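A.B. asks: Handing you a structure now.
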Amino acid sequence: MKFFEQIAQSIVDQASSVLDVSISITNAEGVIIGCNDLERIGSYHAVTEEVIKAGRSVVFTRDKIKNKNNVLPGVATPVRFQQQLIGVLGIIGEPEQVERYVKFVQSYVEMMLRESFRAESFYIQMKTTELFIQHLIHFKEWDNEETLENYCEMSGFHFRYPRLCILIDMPHLQPSKGDKQHPVHLSQYDLFLMLSDLFEDHPQDIISPINPKQWIVLKYVKSEDFSKLRVRCEGALKRLKQLLKNHSIPNEVCISYGNSYTGFSGVGRSYRQAERTLEAGRKQKGASSSVFAFNDWDILLNTFIQEVSTSFSEDLDDYLAQLLSHSNAPVLAKTFLVYCEQGMNVSQAARELYVHRNTLLYRLNQLSQILNMDIQSFEQCTLLYLALKQNKEIRSSMQVI
């Protein structure tokens, strides 16, 4: 059993450090695969066959082993896994001193075997699910419907049900190279259990990592449950932040989600919405931890601004050239943006900027003259607002005023 050989030494190290006894483990063929004395690993243990045939603990005194090569005094007992004898555990020492430990150490080793097998099975399943998710979210690119249908038939997932994508971003799950201050001690399994508890309440829900810093939840959602989703995500945000804090990981978490769709292509569409929503939300809010919804109007606006084509963006920048060359451009730009965001209400905008109403009107009039625009026109103000929001030079200059 290959996984037994892979973990035998770690079992020996853990068990012997906890119980303060010397241990060896052999596989069913009698090869030592774990031992406190590393020089014995890989050597043949002559009494393994005898212990496996006996099917019970066998005591080896000094007299009994004096003509046996590579056998030490102690007690040897079979190791069982899934009702099969897969090897032998040896507890090394004078039999009368170590015999009392046999049952306890045997139970401990077999428990660790079960835990290791469970973890190994989980990671294999998680990798399979992650690959499936990658096919789903890039469905339009890969054109792999047959592969997806085969997996769905095997796993019992059906994409005639509506699902939305919830994207959970935890940037510090993978610390940057050389970051010794924030080592990560949170297993994928623990994180999966937490996310399952937070989001999984239907057999068609799918949870998986998509990269070292992000997890995805493909959530089956009825239309009447959609309004409750934000509250659920905000509750999840708090618990995930606490989980990271408990593991001494910087607790920066963002959650975003798209709309609900059916079919394979619907998953990719919802994922792209969640991805753009995350990016737009972070830029807009400037928050290290928050929940961002695709159907939030502020998010939609920022997503729209992000999606402006390069050629049209360059045209807008040309339109702003006269303003950018003005010495007071950052102040005028900020004044106009606040004016728009306050519903084009002069009094509210003046209060927001802590300036006199007449000062605000003077700035708007100045802007109108520079750009030759009608400051009372909703259409012209909308275009200028979009132009200013997407212009990098304006955004950076406003950060310093």
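A.B. asks: When you scan region 372-383, do you find a residue that is more than 21 Å from residue 315 (Cβ to Cβ), assigned by TED's automatic domain parsing to the domain that holds residue 322 and hydroxyl-bearing (Ser, Thr, Tyr), even just one?
C.D. replies: So far as region 372-383 goes, no, none of its residues is more than 21 Å from residue 315 (Cβ to Cβ), assigned by TED's automatic domain parsing to the domain that holds residue 322 and hydroxyl-bearing (Ser, Thr, Tyr).
A.B. asks: Out of region 220-238, which residues are surrounded by 15 or more Cβ atoms within 10 Å (Cβ to Cβ) and not in a strand (DSSP E or B)?
C.D. replies: Restricting attention to region 220-238, the residues satisfying the condition of being surrounded by 15 or more Cβ atoms within 10 Å (Cβ to Cβ) are 220-221, 226, 229-230, 232-233, 236-237.
Within region 220-238, 221, 226, 229, 230, 232, 233, 236, 237 meet the criteria.
A.B. asks: In region 195-219, what count of residues is obtained for those that are among the hydroxyl-bearing types (Ser, Thr, Tyr) and either more than 27 Å from residue 128 (Cβ to Cβ) or surrounded by fewer than 20 Cβ atoms within 10 Å (Cβ to Cβ) (or both)?
C.D. replies: Initially, region 195-219 is screened for residues among the hydroxyl-bearing types (Ser, Thr, Tyr), giving 196, 208.
This time we only want the ones that are either more than 27 Å from residue 128 (Cβ to Cβ) or surrounded by fewer than 20 Cβ atoms within 10 Å (Cβ to Cβ) (or both), so: 196.
Number of matching residues: 1.
A.B. asks: In region 251-268, how many are in a helix (DSSP H, G or I) and either surrounded by fewer than 18 Cβ atoms within 10 Å (Cβ to Cβ) or small (Gly, Ala, Ser) (or both)?
C.D. replies: Going through region 251-268, the residues in a helix (DSSP H, G or I) turn out to be 263-268.
Subset that is either surrounded by fewer than 18 Cβ atoms within 10 Å (Cβ to Cβ) or small (Gly, Ala, Ser) (or both): 263, 265-266, 268.
So the answer is 4.
A.B. asks: Here is a further query. Could you look through region 51-78, keep only residues that are assigned to a helix (DSSP H, G or I) and surrounded by 14 or more Cβ atoms within 10 Å (Cβ to Cβ), and pick out the one that is modelled with the lowest pLDDT?
C.D. replies: Filtering region 51-78 down to residues assigned to a helix (DSSP H, G or I) leaves 51-54, 62-65.
Those left that are additionally surrounded by 14 or more Cβ atoms within 10 Å (Cβ to Cβ): 51-52, 64-65.
Numbers: 51: 94, 52: 93, 64: 92, 65: 89.
Checked region 51-78; the qualifying residue modelled with the lowest pLDDT is 65.
A.B. asks: Mind checking which helices (runs of 4 or more DSSP H) fall wholly inside region 288-374 and carry at least 3 residues that are exposed (fewer than 14 other Cβ atoms within 10 Å of the Cβ), modelled with pLDDT of 90 or more and not charged (D, E, K, R)?
C.D. replies: Working: elements: 297-306, 310-319, 321-324, 329-341, 346-353, 357-371.
Answer list for region 288-374: 357-371.
A.B. asks: Sticking with this structure for a sec: Restricting to region 273-300, give me the number of residues that are of a type outside the set (Gly, Ala, Ser) and touching a residue at least 24 places away in the same chain (Cβ under 8 Å). Full working, then the answer.
C.D. replies: Residues of region 273-300 that are of a type outside the set (Gly, Ala, Ser), as a first pass: 273, 275-279, 282-285, 291-292, 294-300.
Among the residues that remain, those that are also touching a residue at least 24 places away in the same chain (Cβ under 8 Å) are: 273, 275-279, 282, 291-292, 294-295.
Number satisfying all stated conditions: 11.
A.B. asks: So, one more: Please determine whether any residue of region 26-33 is touching a helix residue (DSSP H, G or I) at 6+ places or on another chain (Cβ under 7 Å), under 20 Å from residue 73 (Cβ atoms) and surrounded by 21 or more Cβ atoms within 10 Å (Cβ to Cβ).
C.D. replies: Applying the first criterion (touching a helix residue (DSSP H, G or I) at 6+ places or on another chain (Cβ under 7 Å)) to region 26-33 yields 26-28, 30, 32-33.
Subset that is under 20 Å from residue 73 (Cβ atoms): 26, 30, 32.
Applying the additional criterion that residues be surrounded by 21 or more Cβ atoms within 10 Å (Cβ to Cβ) yields 26, 32.
Yes, region 26-33 contains at least one residue that is touching a helix residue (DSSP H, G or I) at 6+ places or on another chain (Cβ under 7 Å), under 20 Å from residue 73 (Cβ atoms) and surrounded by 21 or more Cβ atoms within 10 Å (Cβ to Cβ).
A.B. asks: Taking only region 117-148 into account, find how many residues are over 22 Å from the mean Cα position of the chain (by Cα) and either at pLDDT 85 or above or under 18 Å from residue 213 (Cβ atoms) (or both). Can you show your working first?
C.D. replies: From region 117-148, those over 22 Å from the mean Cα position of the chain (by Cα) are 117, 140-148; that's our starting set.
Filter once more, keeping what is either at pLDDT 85 or above or under 18 Å from residue 213 (Cβ atoms) (or both): 117.
Residues meeting the conditions: 1.
A.B. asks: Exactly one of (1) in contact (Cβ under 8 Å) with a residue 60 or more places away in the chain; (2) in the same structural domain as residue 12 (by TED's automatic domain parsing); (3) in contact with a Ser or Thr (Cβ under 9 Å, 6 or more places away or on another chain); (4) not in a helix (DSSP H, G or I) is unmet by residue 98. Its number?
C.D. replies: Condition not satisfied by residue 98: (4).
A.B. asks: Sticking with this structure for a sec: In region 317-340, what residues are among the β-branched types (Val, Ile, Thr) and out of contact with any Lys or Arg (no Cβ under 9 Å at 6 or more places or on another chain)?
C.D. replies: At the first step, the residues of region 317-340 found to be among the β-branched types (Val, Ile, Thr) are 331, 335, 338.
Result: 338, single match.
The values are calculated or read from the model by the stated rules, or taken from the named source; none is laboratory data. Predicted model, so just to flag it, every value in this text is computed and none were measured. All Cβ positions, even for glycine, are placed from backbone atoms using ideal geometry, and neighbour counts span all protein chains on display.
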